[in-house]
Structure formats: structure tokens, C-alpha cells
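Quick notes on the structure that follows.
The values are calculated or read from the model by the stated rules, or taken from the named source; none is laboratory data. These numbers were taken from a predicted model, which means no experiment stands behind them. Methodologically, a virtual Cβ is constructed for each residue, glycine included, from the backbone with ideal geometry; neighbour enumeration extends over all protein chains shown. Surface accessibility is based on the protein's heavy atoms, side chains included, excluding ligands, DNA and RNA. Shrake-Rupley method; radii C 1.70, N 1.55, O 1.52, S 1.80 Å.
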Amino acid sequence: MTIIQRSNNTGRVNMTIRIVCMLIIVCSFWVILTKKDYYRMSIAELTIYAQKNDVMAQLQLGYNYQQARGVAQDLDKALELYQKAAAQGNFHAMYNLGVLYSENNYSKRDLDKSIEWYQRALAVNPNDPSSMYNLGWTYMHKKEYEKAMEWYTKAAEKGEYAAQSAMAWMYDNGLGVQQNKLESFMLNLRAAKNGDSYAMYNLAGAYLFGEGTGKNVAKAIEWYQKAAEAGNAEAQGYLGYIYTEGKVQGYVVGKDYGKALQYVNKAVAQNDALGQYVLGWMYHYGQGVSKDYMKAMTLYQKAAEQNQAHAINQIGYMYECGQGIKADKTQAIKWYKRAADLGLKDAKNNLNRLQKQ
């Protein structure tokens, strides 16, 4: 009978494996128990860590103040915290400073400082496409179109699809480059196929009016639907409008107030002016919903705040007819004039008619 004797080395190996496994488990628990979850920390906790110069706490607390997350919005406080984190070389803080200085609602808005911080961020992370794209956006708003196109191009080369749709818009309007509708169409097509909802919306417009490609209304509607499904508010609002009219550019889709309501509710949730106007119109005339002049007026006014000419004209009409509000010819003329100044033909006709009475 042959006796097989186990090697002592095998026992030592097994013991070593068990020790290593135990160490891994212990270390894993230690990481779980000691790792700071800054996103879930309270404002008080973050403040304590930020005062200790914890860069991640400064960054998160700054974000909370900027976005009014768990605390009243305080953009100056966000600025102070981002600056402290940026002083420690934090890329994200530099990037957020670029964003903050470009915000329309910030009293210290300064596009030059925004550009400076994006450039500092790129000095830390030279291949960041978001910083490149935002630089393009900032230069565009400074009307330095050639520089905007330069940075959009760099961002697009790094795979930033939003930059492609921005370049398409610039080619479409001849800003910083010679106008080229075909190039605009091709850029939008590439960005749209990669999921950019603004490119989808603009591509739909190109098909609708035959700009840079052959006119194809069915294809336009298909892309409007894709853009709407991707969350584009403008596409949602416009589809709502199409389904209340039942046709677009002579192409019949059929009136469908149920579909219109689905689209415009999504658009209104994103503060889209056309969606607000269309939903207001539906309440005004009781199409797809119960007639409600007060809701109609509220929605028209929200759209009017964004200079939606049709909504402004409808407010004039409600004042003229006394629908849900006391009839007031002076107010009607005022609203008709405002819509007429925006170029709305119906408003010009209403204004001329009312002024002759």
C-alpha cells in the first residue's frame, strides 16, 4: 500500500491564503467604515471638514450652496469655497468656478473670469472635453465666434457631441465660419446619432425646411419624436403644437389632443415657452382638457415672460373679449402691440382692427 504524505508546504500555503483573505476582509471593512461620503454629509458636517481645509468637503459644500441643496442658495459662499478648493489644485473646483462666473443669475457674473478658470482647469486636465466645450460656449456669448469655434472643434475631437451640435449651429448661422448648411446638417446628424437631443431637434428642423438636405417632413417628425423622447423640451413643445394643428408644412398627421397633452405637459415641466402657450391654448378653448380661462391666462403669462408672441397675442384677445378677466381695450391694445413688435402677423391685424374701433 502506498502512503501519500502531504507536504508541509501545502499547509503553509493554505495558512498564508487564509491570513491574506482575513487581511483583505479587515481592510475592506476599514475602508467602508472610514471612507467619508461627502455627498450624504449634512451641511454641519461638511462645514466642520471644510474649515479643516478638507478639499472634498469644500467642493461638496460649495456645490450645495450653489444648487441650494439642503441649504439656502448662496452663490458668494459657493464662490469662496470653490476658491479654497481650487487653491489646493482641485480640478473640479476650478471647473465649477468657470461655471459659476458664467451664470446669468449671479451678480458677480464675469465671462472673462469664467474663461480664466476654465483655462486653469485645462492646465490641470488638458484633455477635459467639458472645459473645452464650456470655453467655446463662453466665447460665443462674448461674440468672439472664431475662438468659440476653435474650442468647440477641440471638444468635438475629444468626443463631446454637444460641441458638434454647437458647431452645426455656428455653420448654420455663419458665425466664426462661412455659412454652410450642408456642414451644419452633417454635424447635427453625427451628434444626433450619438444621442445629443439638441442635435436631434436641429436635425428635425433641417428636414422640415430642407436646409442642407432634401425636405422630408416625415423624417422631421421622426427626429422631433426622438428628440422629445431624449428629453428635449423644445421638441416636446413643438410636437404638442403639431398635434393640436393636425398638420405641419402641409403634411397631415391628424389632430390628436391626447398626444399633444402628453408632449406639452413634459415641455411645460421644463419651462418651455411654446409648450406653455400650447397648453394654455388647450385650456383656453377646451381642447383635450376642460375649458379653464384662469389656467389658460396663467400659462400664457408664463410663456409671455419668455416673449412667446402667440401667447402674448392670446392675452390681448382675452382682455379684448373679457374671457376670465374684465374686458379692457387698453390692455388688449398693449398686449397686441407687444406681440406685433415681435413680428406676429395676427397680432398686427388684431391691433389695427382694435385701434379702428
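Sub-8 Å Cβ pairs linking a first residue in the range 81-104 that is within 13 Å of Gln67 (Cα to Cα) to a second residue that is open to solvent by 40 Å² or more (accessible area, probe 1.4 Å), at least 6 apart or interchain, are Asn96/Tyr63; Glu103/Arg109, ordered by first then second residue. Contact map, the range 175-194: residues that are at negative phi paired with residues that are of a type in the set (Lys, Arg), Cβ distance under 9 Å, separation 6+ or inter-chain. Pairs shown: Leu175/Lys143; Ala192/Lys226. Kindly establish whether Tyr300 is of a type in the set (Ser, Thr, Tyr), under 27 Å from Gly258 (Cβ atoms) and open to solvent by less than 40 Å² (accessible area, probe 1.4 Å). Criteria met by Tyr300. Filter the range 201-214 down to the residues that are open to solvent by 20 Å² or more (accessible area, probe 1.4 Å) and of a type outside the set (D, E, K, R), then identify the one that is nearest to Ala168 (Cα to Cα). Taking the candidates together, the pick is Asn202. In this structure, Tyr101 does not satisfy being touching a helix residue (DSSP H, G or I) at 6+ places or on another chain (Cβ under 9 Å), outside any helix (DSSP H, G or I), open to solvent by less than 20 Å² (accessible area, probe 1.4 Å) and not hydrophobic (A, V, I, L, M, F, W, C). Pull up the range 274-298, narrow it to residues that are part of a helix (DSSP H, G or I) and β-branched (Val, Ile, Thr), then point me to the one that is farthest from the chain's Cα centre (by Cα). For the range 274-298, the residue satisfying everything is Thr298.
Each residue in the range 256-273 was checked for being surrounded by 13 or more Cβ atoms within 10 Å (Cβ to Cβ) and part of a helix (DSSP H, G or I), and 12 pass. Checked against the criterion of being modelled with pLDDT under 95, hydroxyl-bearing (Ser, Thr, Tyr) and either open to solvent by 40 Å² or more (accessible area, probe 1.4 Å) or touching a Cys at 6+ places or on another chain (Cβ under 6 Å) (or both), the candidates Tyr161, Tyr106 yield just one match: Tyr161. Looking at Val217, Val253, which is the one that is of a type in the set (A, V, I, L, M, F, W, C) and open to solvent by 40 Å² or more (accessible area, probe 1.4 Å)? Unique residue meeting the criteria: Val253. Annotation note: Cβ proximity below 8 Å between a residue of the range 232-253 that is within 17 Å of Val217 (Cβ to Cβ) and a residue that is in a strand (DSSP E or B) and open to solvent by less than 40 Å² (accessible area, probe 1.4 Å) (sequence gap 6+ or interchain) occurs for Ile242/Val248.
Within the range 337-357, restricting attention to residues that are among the charged types (D, E, K, R) and surrounded by fewer than 14 Cβ atoms within 10 Å (Cβ to Cβ), the residue that is modelled with the highest pLDDT is Lys345. Within the span defined as the range 117-131, one or more residues are open to solvent by 30 Å² or more (accessible area, probe 1.4 Å) and within 20 Å of the chain's Cα centre (by Cα).
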